[in-house]
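Please treat every number below as a calculation from the coordinates, not as lab data. The shown structure was predicted, so the numbers you read here are calculated from the model rather than taken from an experiment. We place every Cβ from the backbone using ideal geometry, glycine too, and count neighbours over all the protein chains shown.
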Amino acid sequence: MSWLNVAKNFVSFQFQSSQVLKKTFDGGEHPFHLHGHNFWIIATSDYPDAEDLYKNDYIQRDTVSVPGSGWVKIRFLADNPGAWFFHCHIEWHMSAGLALAFLVSPDQLIANGFKISSEQRSLCRALKQFNGKNQTNSNFH
Ligand SMILES: [Cu+2]
């Protein structure tokens, strides 16, 4: 991730591919999908001028293709409380750790009675333990 900015519930996020990703995976594109929200595609490394050319009229999608050696910049209105997965849709890339989660409005989730079960907590501990043992996977966090 190059940067993340949150202002008035608008999340701007730029995902930068890297040499680690290029070496680990095949160097091709990564179709990234966001759960729970649609996002605006602001620009990509293939179309960096889009940010100015299409200002205030960006295309809206729930999936964007990240160029293998490039980047994408997206923005979404975080108005749907929950933990939302943002991941590469190539199964083995996601399994290797090319994924993250946006936690939207955690205070509202707690106020609505959301609880993390002991089973979910054990999954978190297992993932933490796995990441500690697996150097390749921890490169993507
Ligand atoms: Cu991928």
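Among the lysines, which fall within straight-line cross-link reach of residue 55, defined as a Cα-Cα distance under 22 Å, with same-chain neighbours fewer than 8 residues apart omitted?
In chain and number order, the partners are 8, 73.
Picking from 64, 11, 20, which is most flexible by a Gaussian network model of the chain using Cα springs under 10 Å?
In this elastic network of the chain, the residue with the biggest mean-square fluctuation among 64, 11, 20 is 20.
Which number comes out as Rg/Rh for region 26-141 once both Rg and the Kirkwood Rh are worked out on C-alpha atoms?
1.03
Where in region 51-141 are there chymotrypsin sites (Phe, Trp or Tyr not before Pro) that are in a DSSP coil and have at most 15 other Cβ atoms within 10 angstrom of their Cβ?
Those satisfying the criteria are 54, 114.
Report the charge-dipole magnitude of region 3-138 in Debye, nearest 20, computed about the Cα centre from +1 at each Lys and Arg Cβ and -1 at each Asp and Glu Cβ.
Magnitude of the dipole: close to 640 debye.
Kirkwood hydrodynamic radius for region 1-61: how many Å is it when counted over pairs of different Cα atoms?
Kirkwood radius, region 1-61: 13.4 Å.
Roughly speaking, what is the stretch gain from residue 95 to residue 56, that is 0.36 nm per residue apart minus the C-alpha to C-alpha distance, in nm to one decimal?
10.5 nm
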